[in-house]
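Values quoted throughout were computed directly from the atomic coordinates according to the rules given, and no laboratory measurement underlies them. Model, not experiment: these values are computed from the prediction. In this analysis, Cβ positions are derived from the backbone assuming ideal geometry, glycine residues included, and neighbour counts consider all displayed protein chains.
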Amino acid sequence: MPAALMVAAATLHDVPGAGKAASFATLLGDASYSIYLLHPLVIRVVRILWEKIGSTSTISPWIFVGVIIVATVVVSLAAYRWFEKPFTAWLQKRGGSTASSLSYRSA
């Protein structure tokens, strides 16, 4: 799902009327590293909570998957907004460089 949204952001960016969907997809693309790092933790926490409330046998597994996707997106966007983005800016102010600004020499 996140990968499909990232592809949509890349392809729909200039399509009239796709503004909010494309912006959200772009935001998910920006937060993709947080999604990558946090999804195993979110899956585990949701599974533990799911078992505690006794929903494993009464609710469809597809609802469980939907809850995991929504929880992962929410947690990852929060981590991106309040940790990853400020920390990256702080590192860049301290003289760090980004991958796009690195120059490689051929040996």
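Observations, loosely collected:
- Within a straight-line Cα-Cα reach of under 22 Å, Lys52 cannot be paired with any lysines, leaving aside sequence neighbours fewer than 8 residues apart in one chain.
- Candidate lysines - alpha carbon under 25 Å from Lys93, same-chain residues fewer than 8 apart omitted: Lys85
- Summarising the label geometry, the points placed 7 Å from Cα in the beta-carbon direction at Thr11 and Phe87 lie 3.3 nm from one another.
- The lysines within cross-link reach of Lys20, meaning a Cα-to-Cα straight distance under 18 Å and a gap of 8 or more places when in the same chain, come to none at all.
- Net length gained if the chain between Val67 and Ile43 were fully extended (0.36 nm per residue, minus Cα distance): 7.7 nm
- Label separation (Ala21 vs Glu51): 3.9 nm, computed from points 7 Å beyond Cα along the C-beta direction.
- Projected onto its three principal axes, the C-alpha set of segment 53-92 covers 49, 17, 9 Å, listed from the longest axis down.
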